[in-house]
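Derivation of every value follows stated rules applied to the coordinates shown; laboratory data play no part. This is a predicted model, so every value here is computed, not measured. Cβ atoms come from the backbone with ideal geometry, glycine included; neighbour counts cover every protein chain shown.
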Amino acid sequence: MWKSRDTALVIILSVGGFVYSALIGQAGLLLTGIAGVNYFFTLGHAIFVSVGFLLFEGRRWRFFLQTTLFAILTLPTYLMGTPYDVLTRIPLILTGFQADLLFNSVHERFQRRQKIPLWAILSSTEFFVIDPFLRVLTYPLFLPPQYTSTFASVTLLLLPIIIVEAAAGGYIGYKIYARTVELS
């Protein structure tokens with residue numbers, strides 16, 4: 001049974017991610033018009049991903065719901081392509097599903113060994129490495145080949161930046177979580 005705290009956390013983290021996307025996350029595509037440049041702003045999104053994983057403490061489907069709600073909220077933005085294009089949000093929902101399934105399955109092992117900071121860094125990094133990969137696999141089904149080719153090229157070039165920012169965001173998210181737990 002879900003607690004109202006979990007539901008509130010899902011909503012707060014999804015809305016926070018949406019606000020970040022509306023103000024900063026979509027700036028790459030808006031300013032350049034190049035598909036995939038939004039991954040340059042991975043750091044802020046990684047913080048929301050790692051804080052979400054950490055606050056849900058291994059409980060299933062909360063992160064998946066957070067990701068799905070975030071995808072719905074970002075429909076009017078240029079974060080993942082053209083606004084109001086539901087098909088370009090499907091890879092994000094799939095990424096949220098697999099990340100929830102994978103990382104909530106191993107949370108207890110990391111917690112027993114007191115390796116939660118490593119778990120936070122791994123979860124956010126894996127999330128942001130798998131997301132562009134799933135997009136490159138699914139975009140040819142829904143989008144023109146030129147868009148898919150540009151997206152694949154840009155994200156491949158940005159992959160080192162994505163990894164570094166996702167790891168840094170995971171660590172910052174852990175620090176925020178540790179401070180939150182400390183204050184509770």
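What the table below lists for this structure:
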read-out	value
Fewest-first sequence of W119, W2 by Cβ atoms within 10 Å of each Cβ	W2, W119
On Cα atoms only, tilt of 90-112 relative to the major axis of the chain in degrees	30 degrees
Inter-label distance, nm, simple model (7 Å from Cα along the C-beta direction), S105/L157	3.6 nm
Distance-filtered residues of the range 30-56 - backbone nitrogen under 16 Å, label point 7 angstrom along V164 Cα→Cβ	39-44
Qualifying chymotrypsin sites (Phe, Trp or Tyr not before Pro) for the range 20-105 [loop in DSSP, other Cβ within 10 Å: at most 13]	Y84
Cβ-based exposure ranking for S153, S50, in which fewest neighbours within 10 Å come first	S153, S50
For D85, D6, D100, order by how many other beta-carbon atoms lie within 10 Å, fewest first	D85, D6, D100
Label-point separation, T7 to V129 (7 Å along Cα→Cβ), nm	3.7 nm
Answer label for Rg and Dmax of the Cα atoms in Å (calculated), chosen among (1) 15.8, 50; (2) 22.4, 82; (3) 26.5, 84	(1)
Cα-projected label distance for Q98 with E57, points at 7 Å along beta-carbon direction, nm	2.9 nm
Theoretical gain in end-to-end length, V181 to R112 [0.36 nm per residue, Cα-Cα removed]	23.1 nm
Cα centre as origin, Lys/Arg/Asp/Glu Cβ charges: the chain dipole, Debye	500 debye
Euclidean distance between Cα centres, the range 33-100 to the range 110-184, Å	10 Å
Crossing angle, helix 4-20 versus the chain [Cα axis fit, 0-90 degrees, rounded to tens]	40 degrees
Per-peptide average of other Cβ atoms within 10 Å, ordering 130-137, 105-112 highest first	130-137, 105-112
Folded to 0 to 90 degrees: helix 145-183 orientation relative to the chain principal axis, Cα	20 degrees
